[in-house]
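What follows is a short report on a single structure.
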Amino acid sequence: MTLTLDLAKRKERSPFIVQTVFLGVGLACLLLAPLFFYPVFLMKLLCFALFACAFNLLLGYTGLLSFGHAAFFGGAAYFTAHAVKEWGVPPELGILVGVFGAALLGAVIGFFAIRRQGIYFAMITLALAQMFYFFCLQSGFTRGEDGIQSVPRGHLLGVIDLLQPTNMYYFVLTVFVIGIAIIWRIINSPFGMVLKSIRENETRAVSLGYSVRNYKLAAFVMSAALTGLAGGLKALVFQFATLTDVSWQMSGEVILMTLLGGIGTLIGPIFGAGLVVTLQNYLATSEFPVTIITGVVFMVCVLLFRRGIVGEFYNSRLGRKLGFEHRHKH
Amino acid sequence: MAVATPLVNEAPRVVLSARGLRRDFGGFTAVKDVDLDVHHARVHALIGPNGAGKTTVFNLLTKFLQPTHGTITLLGEDITKTAPDKVARMGLVRSFQISAVFPHLTVLDNVRVALQRPNRLATQFWKPLSALDALNGKAEELIRSVGLEKEVNAVAADLSYGRKRVLEIATTLALEPKVLLLDEPMAGMGHEDVGMVAEIIREVARERAVLMVEHNLSVVATLCHHVTVLQRGEILAEGDYATVSEDPRVRTAYMGTEETS
Ligand SMILES: Nc1ncnc2c1ncn2[C@@H]1O[C@H](COP(=O)(O)OP(=O)(O)OP(=O)(O)O)[C@@H](O)[C@H]1O
Ligand SMILES: [Mg+2]
């Protein structure tokens, strides 16, 4: 029964412990971060990190490059802002409105996009997202160029005042952790395994009887919904929803963040988002043009770290020793 | 040459059939007027020179390609317009000429992915991965049956070409198909593996239909009950190996030019 032994050996303990320690340290940093940084900066970072992770569920784990995720991010921001401001719903419900709106939008865009592959898939998502952009530009409820301004943050569960920056920060952190936990669960589930197999060899997955389209569509809707979670949260953090978040540049930015951090790793996009947001914040006060600098950083990173920053770390000698070794095709 | 001794437990009946199958690529006709009957509990060989259209016939039968003309019937149902994944779910499963595994998954995970759908463990996005451990027993059995037990935790991409093919056969068998289409299952394998795979196919064909493309004629001779020879997209000859190999047209068209290894 050598095989049975081998199967048992697969679950080695030490990498698990190392990863738990890393997770604990990361969480402790996030809990203590408001002591050292501006809460708004941190909250922005968390929103984009969640956005990038949700995007990566599609790119890294299903192998689909969407160029239209701004529609879900910015769309959810509008939905949440509208629900909270016009309907007067509590913030937690407002975010759920954003999530459901984004999921619905994801179902429509995904339905058309998954019929195509590769660059055509990307083009269709871009085209449909642009249509949504123009809808937002024209429609009444989005207030056109002005966007929805002075969105109230409200009281969480009717008691906790979210206008208080610390309260808001821990609320955002909680939603972030829940979002990441959901993504982690999806990736490490029977369904996630099928997604990976589709990424690895779509034809073989079809020949094994998987209705690949349905799986892709499900992944697309999940990714859109989680992106909506990030978008709705952002609307509450900044208290407005504008056209910036539905523009194609936003779709590009999330691709940049994900590639920088490393696709196909859970925490890679978090680092990528952190880097981009930090850079933008830093450069905003300097005279350098932000887009050129981020472009250069992106090029340097792609040349130096083909797997993304976290991907390279996982594949380094240290990463392997710590049990992070991980494979992904490029 | 010795002709296969049929291992027949059940009366042969047609499970997969094609009538007037044709496929054009632009102006070029890759498959023309092919009639094919694949029987239960029989190994059926599809042979022919390179470019004869064997893989194209497989692609048509499994619906990865849509035929230009003709009809295909699987287990009494017309599948001419059915999607390939549906065809697979109906029990017609294929392997690929260029080995199709999930390269960055382990051997165990490759087999488990194949087992997931028939065991209704494919859509649960809320369950932990450990839910798939329920498949380990079956996976272990399949892995053992193709002699991959030492490589169970190896990543598929790291396997030798022959081992990848064997893994693909294991994942194909995992679906317990009623009809198996194997495209050159033994290509690139070492001697031992060829013998093992031949034995597996023989065993599997006791209660299933097998249609296989094979260039190794000694394998065809000993394993297959029925041979169809394809040339330039058309059927040149048909029958048991002895009959077909005596056919002068086949000798000139195929035997003379092909390695008999
Ligand atoms: N998608 C396609 N588009 C155009 N031509 C094709 C396509 N697929 C196959 N063909 C052509 O059809 C013919 C038959 O190809 P096929 O792959 O079926 O041959 P085969 O008998 O499997 O050959 P081999 O023994 O080399 O595997 C070839 O001439 C090939 O170039
Ligand atoms: Mg072929």
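Quick note: the coordinates plus some simple rules give every number you see, no bench work behind them. Values in this document were obtained by computation on a predicted structure and should not be read as measured data. Counting neighbours? That spans all protein chains shown, and the Cβs are built from the backbone with ideal geometry, glycine included.
Take every pair of alpha-carbon atoms less than 8 Å apart whose residues are at least six positions apart; their mean separation over the length of chain B yields a relative contact order of 29 percent. When only the Cβ of Lys, Arg, Asp and Glu is charged (+1, +1, -1, -1), the dipole of the range B:100-175 relative to its Cα centre reaches about 200 debye. Each peptide in A:210-220, A:54-64, B:13-23, B:176-186 was scored by the mean count of other Cβ atoms within 10 Å over its residues; highest first, the order is A:54-64, B:176-186, A:210-220, B:13-23. Summarising the overall dimensions of the range A:200-300 from its C-alpha atoms, the Rg and Dmax are 17.2, 57 angstrom. The residues B:D109, B:D85, when put in order of fewest to most other Cβ atoms within 10 Å, stand as B:D85, B:D109.
Rounded to the nearest 500, the 222 nm mean residue ellipticity of chain A from helices alone is -24000 deg cm²/dmol, with -39,500 (n - 2.57) taken per DSSP H run of at least 4 residues. Shape verdict for the range A:85-160, please, from the Cα gyration tensor: rounded (a/c under 1.5), prolate (a/b greater than b/c) or oblate. It is oblate, given that a/c is not under 1.5 and a/b is not larger than b/c. Between 0 and 90 degrees, the angle of helix B:107-116 with respect to the longest Cα principal axis of chain B falls at about 80 degrees. Counting Cβ atoms of other protein chains within 10 Å of each Cβ in B:108-120 and taking the mean gives 4. When the Cα atoms of the range B:15-136 are aligned to their principal axes, the ranges along those axes come out at 51, 31, 30 Å in descending order. With a Förster radius of 22 Å applied to the beta-carbon distance between B:H69 and B:R249, the computed FRET efficiency rounds to 0.35. Semi-axes of the equivalent ellipsoid of the protein assembly as shown are 54, 26, 20 Å, computed as sqrt(5λ) over the eigenvalues of the C-alpha gyration tensor in descending order. Taking every C-alpha pair closer than 8 Å and separated by at least 6 residues, the mean separation divided by the residue count of chain A gives a relative contact order of 30 percent.
The share of alpha-carbon pairs in the range A:41-191 lying farther apart than 24 Å comes to 38%. Across the range A:244-258, rounded Karplus estimates of 3J(HN,Hα) from the backbone phi angles (6.51 cos²θ - 1.76 cosθ + 1.60, θ = phi - 60°) give 3, 6, 9, 6, 5, 4, 5, 4, x, 4, 6, 5, 4, 4, 5 Hz, Gly and Pro being marked x.
Sorted ascending by nearby beta carbons within 10 Å, beginning with the fewest, B:H226, A:H69, A:H155, B:H191 become B:H191, A:H155, B:H226, A:H69. Would you work out which of B:I235, B:G76, A:V297 lies farthest towards the positive end of the dipole of the protein assembly as shown? Charges go on Cβ: Lys and Arg +1, Asp and Glu -1. My answer, from the dipole projection, is A:V297. Residues whose amide H comes within less than 5 Å of that of B:L181, counting only those at least five positions distant or on another chain, are B:V93, B:R94, B:S95, B:L211 (H built at 1.01 Å from N in the peptide plane).
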